[in-house]
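Just below is one structure, and these are the notes that go with it.
Nothing in this text is a laboratory measurement; each read-out follows from the coordinates by a stated rule. Being a predicted model, the structure only gives us computed values, none of them experimental. Because the Cβ atoms are built from the backbone with ideal geometry, glycine has one as well, and the counts that use them run over all protein chains shown.
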Amino acid sequence: MRINRGAKIALAVVAVAGLVVGALSPAQAATRSTVVIVDSNTFTSLNPSQPDHNLVLNSNVAYLSGIGFNYYNSSVDLVRNTTFGSYKITANNSKEFKVKYTVAKGKKWSDGTPITGVDLLLSNVLSSNEYSKAAGLGDPSSDTLQAFDSLGYNGAYNELIRDVSIAPDRMSVVLTYSQFFPDWELYGPGPSPVHTLVAMALGEKKIGTYAHNVALKNKFLSAYQSKDTALLKKIAKVWSEDYDVTSVDSKTNPLLLVGNGPYVVSSVVKDQTVTMKLNPNYNSGPATSGIETVVFKTIPDPTAAAQALANKEVDVYEAVATADSVAALKKIGSSVNVDGYAVSTYEHIEVRTGAAQGDTEEYKGVFAGKSQKARDLRTAFLLAYPRQEIIDKIVKPVNSKAVVMNSLQYFPGETNYKKMIGDSGASKFTAGTQDSRTAAALALVKKYYP
């Protein structure tokens with residue numbers, strides 16, 4: 001599903017702090033080299049960057065099998081991964097804003113192929129509407145399908161980045177923005193094993209030699225620079241379809257499993273487990289902690305997951321916290337630790353303002369358009385939405401310190417939170433009490449529906 005970002009507005013003022021409860025079996029985790037993690041989802045794809053496969057389990061597997069220039073630590077701080085490479089601002093003036101990304105020498109993919117700046121170029125293919133159109137891959141802003149079924153199009157990257165160039169030594173790329181962008185660190189290029197994409201586009205089904213893989217990487221660079229539509233469309237078909245697997249075994253094309261993260265997928269049993277093993281060539285990020293095997297086990301039923309913990313069949317279980325789920329986990333006893341913590345889960349409500357991409361009929365509801373009436377009615381809805389009541393009745397029974405969040409970028413208490421909400425206009429929807437806000441909302445509605 002593709003959503004036109006101009007047709008709907010996600011309500012930051014409705015977002016509340018998500019609370020997750022996790023249970024761990026410390027005795028098992030401390031004495032074993034294998035960790036078993038419960039997930040309620042089933043595995044559907046090795047590529048979570050597609051709209052239909054952007055699921056938690058798919059993303060967790062991708063997170064462990066790939067790493068780039070930065071990552072978030074347990075304190076939600078963005079950490080630069082200097083092991084993989086470096087990046088720096090090279091120009092910041094009224095005309096342009098430039099950032100140079102350099103891959104450190106000697107970094108390898110799991111098949112031993114060197115990682116270079118060429119592996120960063122696919123990010124532009126997947127996120128730039130202009131490149132997609134120029135290369136004959138389709139217009140992501142239209143209702144027609146483009147070659148790459150990517151979530152990256154039509155966003156801030158496309159709106160702000162106007163050029164991507166590769167250095168002569170092929171270890172660096174430079175992103176040129178149309179203007180300074182505060183969140184520029186979040187929009188840097190990520191590495192992709194482009195040699196495997198070319199190999200699969202050409203019908204190959206086994207890991208190539210070092211020399212062959214380097215030649216394939218050069219072939220991708222040539223196709224990227226010349227906008228070779230024919231080859232790029234073949235690569236797009238691989239990227240958009242071939243990674244969508246629900247099982248992995250000895251018959252699976254090994255080219256699909258190449259990554260640069262600490263772990264690589266070794267097997268997937270459909271609707272049951274995903275098993276990941278240490279990447280023997282891993283040198284792109286922080287050292288691992290002794291865990292050799294990570295198993296994601298699908299258990300959709302919370303009661304069954306809690307029982308699996310009690311039976312010592314799994315080590316970690318994480319889920320959205322409710323009073324009932326916390327009580328069930330605590331009943332297991334001292335063999336598990338139960339921890340509750342806030343996460344940046346995007347629980348939100350959308351106010352429709354126009355037709356979304358792909359809609360065949362024009363939206364003419366009360367929130368449609370930019371008229372004063374539409375603006376007032378949208379404001380009334382936001383004022384009347386009882387966020388504090390949701391916190392009090394649903395979240396506080398689990399976390400007595402929970403508060404309403406007024407920013408999607410920062411948690412309450414984090415640096416810049418107060419400044420962010422002070423500049424965002426959120427105070428319009430937080431001033432006074434819920435009763436006074438509801439009264440103000442009703443007054444706005446009565447202007448048009450007396």
Loop-resident sites, the stretch 262-333, for GluC sites (Glu not before Pro), counting at most 13 other Cβ within 10 Å (DSSP): Glu292
Is it possible to state the helix-based mean residue ellipticity at 222 nm for the chain, with each DSSP H run of 4+ residues giving -39500 (n - 2.57), the sum divided by total residues, to the nearest 500 deg cm²/dmol? What is it? -7500 deg cm²/dmol
Among (1) 23.2, 80; (2) 24.2, 76; (3) 21.6, 74, the value of Rg and Dmax of the Cα atoms in Å computed for this structure carries the label (2)
Along its three principal axes, how long is the stretch 33-170 when you only count alpha carbons? Whole Å, largest extent first please. 51, 40, 33
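Fewest Cβ neighbours within 10 Å first, please rank His53, His212 accordingly.
Numbers: His53 19, His212 14.
Ascending number of Cβ neighbours within 10 Å: His212, His53.
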So for the stretch 73-255, taking the charge dipole from beta-carbon charges (+1 Lys/Arg, -1 Asp/Glu), which of Tyr177, Val76, Gly112 sits furthest toward the positive end? Gly112
Loop only per DSSP, at most 13 neighbouring Cβ atoms within 10 Å: give me the chymotrypsin sites (Phe, Trp or Tyr not before Pro) in the stretch 222-328, ordered by residue number. none
Of Leu329, Val258, Ala380, which is farthest towards the positive pole of the stretch 242-399's charge dipole, taken about the Cα centre with +1 and -1 on the beta-carbons of Lys, Arg and Asp, Glu respectively? Ala380
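Based on the alpha-carbon gyration tensor of the stretch 214-366 and its eigenvalue square roots a ≥ b ≥ c, which shape applies: rounded if a/c is under 1.5, prolate if not and a/b is larger than b/c, or oblate? Intermediate results must be reported in sequence, preceding the final value.
On the way: a/c = 2.42, a/b = 1.24, b/c = 1.95.
It comes out oblate by the Cα gyration axes.
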Computed over the stretch 73-255, the relative contact order (Cα-Cα under 8 Å, seq sep at least six) in percent reads 23 percent
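Over the chain, calculate the relative contact order: mean separation of alpha carbon pairs under 8 Å at least 6 apart, over the residue count, as a percent. Write down the numbers at each step before the final one.
Working: 810 pairs, mean separation 120.7, N = 450.
Contact order relative to length: 27 percent.
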Rank by packing, highest mean first: peptides 187-199, 395-407, with packing defined as the count of other Cβ atoms within 10 Å averaged across residues. 187-199, 395-407
